[in-house]
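Let me begin by presenting the structure, written as structure tokens, before commenting on it.
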Amino acid sequence: MPGFIVGIKSIDELLPSLLYPGSLIVIAGHPGAGKTTLASSICYRNALNGNKCLYISLQETKKKLFRIMRTLGMNFGMLEDKGLYRFLRVPIARSIEEIIELISKAIAEYAPEIVVVDSVNALMQFISKSEKRALLQNYFCSLPETIDGIVILIVELPFGEKKINLGAIEFIADVVLVLKHRIERGLLTRVMEIRKARGTPVVIAEIPFTISQNRGIIAYVPPILAEITRGGGELKLPCNVLDRILNHIHRGHIIYIEHPPSFRPLESVPLLLGIALKNNLKALVVSYRYPPETQLNMLIRAYSICGYDREDLRKVIERYVIFKALNPFGYSAAEGVAEEIRLVEEYNADIVMFHGVELPAIAERISSDYLASLHNQMNMLKKMGKLVIRVGSRINNEISNVFSALADVVMKFIPIETGEGEQKYKVYIWRRGKNPYLLRYEDFQACLKEICKIIKEKLK
């Protein structure tokens, strides 16, 4: 018996037995929700595994479908050349009996393991007699057993509608996936609802997803906490005082660094470079506030105390740190997480720093969707074994407390008056499992000078 997959890694890990021989799958959703892309993905990934796919289209042309899917990383022309894919255009002007005969003949000749019908609505809307509708429904319902494979029916839902209204098909179907897209703050959010999965225990009803160029559908399944370990072991701290206070940190730890919005010492960021250099790790910085060149210059200025040539500092920093920028007001919560995880995977960084983390929180107004997305994102990165550093301004108690609660290590810069007009700071430091500590300004400056010595070694 051939095995079938959805072809979306996170969903196949969550529901490995979702698709099986003899199953009928309904993919429903509003126009533009991603139904054709999901059905094509299932077809494509299984065809790559040797399961032939027959794609029956009642509206889309082969040329248009191939072109769109190629931009999403699916080369159906290649599969067609290998005999693993066949496209069949069925004119809807034919009678129901003729359509059934045409499909049956194609199946008999090609012997596919997967059949996709895109879309059932195009057939149903021209059938007024109930007995004809029943004939077509019975045909599709019996088709999975006939081919001993899987049949995927694409169903269009009118805007505003939630019911599928396909009569017996919805009740007989083994799997029903409903793709939804909604507008949040004028931005698109996509969600896949697992409405039905016969024989498969489903705990998560809705899964956020995105459609990415060259990668197709990427779903973000909330990680199972029991599967999250400390990852790649301990990491060395870049200076003696932090080593004494924190003892050590781990891959998978989350460090939250906070400063007042009107007091942003440059020293709040260099910890990233120190850890990267000390452990010979690659770091990715995603800023919600500044473009990459500005981020780089800020880090160079922060290490001006080292006294090294600016260009030499630039070379060392660029060797270990990648800078990226995202506008949090340009993404919904789910789409923002999707883009950030994509960047982490693309650059395969060991350390990920998010800079200006208060801005997405303000954009989403600490909504339940935002909190869920943030919590799941942090756990995804933990599972991937990434050290996460989050730097932001203190806006209010709610945001500060949420970010602190998510962290394994908290560092808060607190301004102090010196009496001489100079503004310095002390640093509140806490690590999970240890007592809080208040670090003096002079001690933190000494830490930066120790990092300068590490930079000097890298300059050789």
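The values are calculated or read from the model by the stated rules, or taken from the named source; none is laboratory data. A quick note: this is a predicted structure, and the numbers were derived from the prediction, not measured. Don't worry about glycine lacking a Cβ; one is built from the backbone with ideal geometry, like all the others, and counts go over all protein chains shown. Accessible surface is based on the protein model in full, side chains and every heavy atom, while ligands, DNA and RNA are left aside. Shrake-Rupley method; radii C 1.70, N 1.55, O 1.52, S 1.80 Å.
Assess whether L313 counts as being of a type outside the set (F, W, Y), free of Cβ contacts under 8 Å to residues at least 40 places away in the same chain, within 21 Å of E457 (Cβ to Cβ) and open to solvent by less than 30 Å² (accessible area, probe 1.4 Å).
Criteria not met by L313.
If a residue has to be open to solvent by less than 80 Å² (accessible area, probe 1.4 Å), touching a strand residue (DSSP E or B) at 6+ places or on another chain (Cβ under 9 Å) and hydrophobic (A, V, I, L, M, F, W, C) to count, how many in region 409-460 make the cut?
Of the residues in that region, 12 qualify.
For region 368-376, check the following and say yes or no: at least one residue is under 20 Å from D243 (Cβ atoms), out of contact with any helix residue (DSSP H, G or I) (no Cβ under 9 Å at 6 or more places or on another chain) and open to solvent by 10 Å² or more (accessible area, probe 1.4 Å).
no
Looking at region 393-423, which of its residues are closer than 14 Å to R365 by Cα and outside any helix (DSSP H, G or I)?
I395, N396
Out of the residues in region 1-17 meeting the condition of being assigned to a loop (DSSP other than H, G, I, E, B) and in contact with a Leu (Cβ under 9 Å, 6 or more places away or on another chain), tell me which one is surrounded by the fewest Cβ atoms within 10 Å (Cβ to Cβ).
So the residue we want is G3.
For every residue, the table says whether it meets (1) at pLDDT 95 or above; (2) open to solvent by 40 Å² or more (accessible area, probe 1.4 Å); (3) farther than 25 Å from K180 by Cα.
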position: A47; (1), (2), (3): yes, no, yes
position: R89; (1), (2), (3): no, yes, yes
position: I99; (1), (2), (3): no, no, yes
position: I107; (1), (2), (3): yes, no, yes
position: Y110; (1), (2), (3): yes, no, yes
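Which one of the conditions (1) modelled with pLDDT of 75 or more; (2) farther than 17 Å from V26 by Cα; (3) touching a His at 6+ places or on another chain (Cβ under 6 Å) does L157 fail to meet, given that it meets all the rest?
Unmet for L157, out of (1) modelled with pLDDT of 75 or more; (2) farther than 17 Å from V26 by Cα; (3) touching a His at 6+ places or on another chain (Cβ under 6 Å): (2).
Looking only at region 327-354, filter to residues that are farther than 22 Å from S368 by Cβ and assigned to a loop (DSSP other than H, G, I, E, B); which one of those is least open to solvent (accessible area, probe 1.4 Å)?
Of everything passing the filter in region 327-354, A349 is least open to solvent (accessible area, probe 1.4 Å).
Do any strands (runs of 3 or more DSSP E) entirely within region 41-160 hold 2 or more residues that are among the aliphatic types (A, V, I, L, M), and if so, which?
53-57, 114-118, 150-156
Working only within region 273-310, note down all residues that are among the small types (G, A, S) and either assigned to a helix (DSSP H, G or I) or open to solvent by less than 50 Å² (accessible area, probe 1.4 Å) (or both).
G274, A276, A283, S287, A302, S304
Do we find that A33 is over 20 Å from E170 (Cα atoms) and hydrophobic (A, V, I, L, M, F, W, C) in this structure?
Against the criterion (over 20 Å from E170 (Cα atoms) and hydrophobic (A, V, I, L, M, F, W, C)), A33 does not qualify.
Here are L136, L123: which of them is surrounded by 16 or more Cβ atoms within 10 Å (Cβ to Cβ) and either at pLDDT 85 or above or within 20 Å of K62 (Cβ to Cβ) (or both)?
Answer to the selection: L123.
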